[in-house]
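A quick write-up on the structure given underneath.
Read-outs throughout are calculated quantities, based only on the coordinates presented, and are distinct from any laboratory measurement. Every value quoted in this text rests on a predicted model; they were computed, and no experiment measured them. We place every Cβ from the backbone using ideal geometry, glycine too, and count neighbours over all the protein chains shown.
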Amino acid sequence: MSHKILDTLDQCFKLIGEQPVKLSGRVYEVFAEDFRRELAEIQNPTVRNLFILARASRVVHLQIAEYQALVSAADLSGHYGVGVLLESCLADKVAFVERTRRFIRAIAETKVAEKIAVRSAA
């Protein structure tokens, strides 16, 4: 998915006749530092997996907000084709978040069912 998005973004820059600007990425560096520190404190494997999924979802939500702003900027500047391309990237990110949400729910439902089965057997 990321290669498709990168290719689409390259196409957007070609359409507007600009080159991408290198960003510092500091927001994601801070996120990664906090993530590593907090993950190291979690011992339970299921909780660790849920934490990883929740954090991945959080990052993608930030990216969704960025794409929404870029789509609006493209439309305001009259680059409607770029807006359409960016909306396809946005749709991929939204789909990822939805799949992650369903996966988290499935894990939680499985764990609850396991606890109910243990209590029923006792």
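Ranking D75, D10 by Cβ neighbours within 10 Å, fewest first, what do you get? Intermediate results must be reported in sequence, preceding the final value.
Working: D75 15, D10 11.
Arranged by neighbour count, lowest to highest, D75, D10 become D10, D75.
Can you grab the distance from the C-alpha centre of region 1-48 to the C-alpha centre of region 49-122, Å, no decimals?
Rounded to whole Å, the Cα centres lie 14 Å apart.
Between V21 and V118, what's the calculated FRET efficiency when r is the beta-carbon distance and R0 is 41 Å? Round to 0.05.
Details: r = 55 Å, r/R0 = 1.34.
So the FRET efficiency works out to roughly 0.15.
Which helices count as membrane-span-like in the chain under these terms: full DSSP H, at least 18 Å along the axis by C-alpha, Kyte-Doolittle mean of 0.5 or more? Could the numbers behind the result be given before it?
Values: long enough: 2-16 (21 Å, 0.18); 26-41 (23 Å, -0.68); 45-76 (47 Å, 0.59); 80-121 (61 Å, 0.33).
Span-like helices, by this rule, are 45-76.
For the chain: lysine pairs with Cα atoms under 21 Å, gap of 8 or more or different chains, count? Mind dumping the intermediate values first?
Numbers: K4/K14; K4/K22; K4/K93; K14/K22.
Qualifying lysine pairs in the chain: 4.
Compute, for the chain, the length of the dipole vector about the Cα centre, with Cβ point charges of +1 (Lys, Arg) and -1 (Asp, Glu) only. Units Debye, rounded to 20. Before the final figure, lay out the partial values.
Numbers: 17 positive and 15 negative charges, 128 e Å.
Computed about the Cα centre, the dipole is about 620 debye.
Can you tell me the FRET efficiency between V84 and A32 if r is taken as the Cβ-Cβ distance and R0 is 41 Å, rounded to the nearest 0.05? Each step should come with its number before you reach the end.
Numbers: r = 32 Å, r/R0 = 0.78.
With R0 = 41 Å, the Cβ-Cβ based efficiency is 0.80.
Which one, [x] 14.5, 56; [y] 19.4, 69; [z] 14.1, 42, gives Rg and Dmax of the Cα atoms in Å as derived from the coordinates shown?
Correct label, based on the coordinates given: [y].
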